[in-house]
1. Just to be sure I understand, how many residues within the stretch 40-56 are under 19 Å from the mean Cα position of the chain (by Cα) and more than 13 Å from residue 96 (Cα to Cα)?
2. Go through the stretch 46-78 and give me each residue that's without any contact (Cβ under 8 Å) to a residue 24 or more places away in the chain and closer than 24 Å to residue 313 by Cβ.
3. Can you give me the number of residues within the stretch 199-222 that are in contact with a helix residue (DSSP H, G or I) (Cβ under 8 Å, 6 or more places away or on another chain), within 16 Å of the ligand (Cβ to nearest atom) and not in a loop (DSSP other than H, G, I, E, B)?
4. Taking the options 256, 225, 221, 210, name whichever one is over 20 Å from residue 109 (Cα atoms), among the basic types (Lys, Arg), surrounded by 15 or more Cβ atoms within 10 Å (Cβ to Cβ) and out of contact with any strand residue (DSSP E or B) (no Cβ under 7 Å at 6 or more places or on another chain).
5. Restricting attention to the stretch 15-35, and to residues there that are in a loop (DSSP other than H, G, I, E, B) and touching a helix residue (DSSP H, G or I) at 6+ places or on another chain (Cβ under 6 Å), which single residue is farthest from residue 3 (Cα to Cα)?
6. Determine whether residue 285 is charged (D, E, K, R), at negative phi and assigned to a loop (DSSP other than H, G, I, E, B).
7. Quick one: would you say residue 184 is within 16 Å of the chain's Cα centre (by Cα), closer than 18 Å to residue 109 by Cα, touching a residue at least 12 places away in the same chain (Cβ under 8 Å) and within 16 Å of the ligand (Cβ to nearest atom)?
Amino acid sequence: MRRLRATESIRNLVRETSLAPSQFILPLFVCPGEGVRRPISAMPDQFQMSVDETVRECAEVKRLGLGGVILFGLPETKDELASGAYAEDGIVQRAIRAIKKEVPGLLVLTDVCNCEYTSHGHCGKIVDGDVDNDATLEWLAAAALSHARAGADIVAPSDMMDGRVAAIRRTLDAQGYTKVPILAYAAKFASVFYGPFREAAESAPQFGDRRSYQMDPANGREAMREIELDLEEGADMIMVKPAMPYLDLIWQARQRFDVPIAAYQVSGEFSMIEAAAAKGWLDHDRAMMESLTSIRRAGAGIILTYFAKPAARLLG
Ligand code: PBG
């Protein structure tokens, strides 16, 4: 076996898996104000950015040839009804319009969820101490529609309510947005690895946790069922999230479903590598590229990752 490993040129020739910047989607956190670029302490080199700074960031993302960006919003105020999630002039809606105007051609995805917009931090409407499924669907459909109206290219629901893909598809179609695809966070687990994100998006639940709607990390068969249901409801693409602890499920999904598969290398996966590298315990760039390569090898064609910019730079 070692004959084909002897030199860099032979290794390049026989490499089975490759990465390209066009497969990476960079998550961005949009906040109110102007000229704001606030570092997120648990996520080195990641920032909460006002709309103008987000636009500048997007211009660089386009220059680097990334696949696109996915937007998360930090509204001015939060309330019980998640009003900011579906407001026509909400923070994400304004960011989409600005990016579409200033950086034409850049693919803009939006995360469709309520947890950044509710005063209690849960992903939907609270009834009797729990998130009410069907009441929440109306908010989600309204949010997706407001994103589409603002010019979003793809909407990506991440809430894990039952029936949300069908509800969003129905609303988009009824309002004439038949061409906007849905990327469903289909198999999304109740993961500890979202910890740093909740600081970044200020979306930690104020009571309880998300286990009554996000999946149990122990369940792989159930993940396949979630994906199947989202596809039946009209999802165009599906996602597995987090990525590295769930490579087996990316692989299984790749074998079973002939649709584009995305994987989200989440905040905790990113921060673990950053922290170990900062301590000198891991080589940053090699850990970054090996983690991304493993996600690709497992079968994800699209990777949402906070490493999108440095990885694209390394790839040249
Ligand atoms: C919103 C959402 C979350 C993430 C993406 N969309 C947080 C959560 O579900 O608590 C996590 C992303 C990351 O950790 O990088 N529901």
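Please treat every number below as a calculation from the coordinates, not as lab data. Computed from a predicted model, the values in this text were never measured in an experiment. Here the Cβ positions follow ideal geometry from the backbone for every residue, glycine too, while neighbour counts run over all protein chains shown.
1. Residues flagged as under 19 Å from the mean Cα position of the chain (by Cα) and more than 13 Å from residue 96 (Cα to Cα) within the stretch 40-56 amount to 9.
2. Matches in the stretch 46-78: 47, 49, 53, 56, 63.
3. 2
4. Going through 256, 225, 221, 210 in turn, the sole match is 210.
5. 34
6. No; evaluated as a whole, the condition is false for this residue.
7. For residue 184, the condition - within 16 Å of the chain's Cα centre (by Cα), closer than 18 Å to residue 109 by Cα, touching a residue at least 12 places away in the same chain (Cβ under 8 Å) and within 16 Å of the ligand (Cβ to nearest atom) - is met.
Each row is one residue, and each column tells you yes or no for (1) crowded, with 20+ Cβ neighbours inside 10 Å; (2) within 12 Å of the ligand (Cβ to nearest atom); (3) not hydroxyl-bearing (Ser, Thr, Tyr).
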position	(1), (2), (3)
266	yes, yes, yes
271	yes, yes, no
274	yes, no, yes
277	no, no, yes
286	no, no, yes
295	yes, no, yes
300	yes, no, yes
306	yes, yes, no
315	no, no, yes
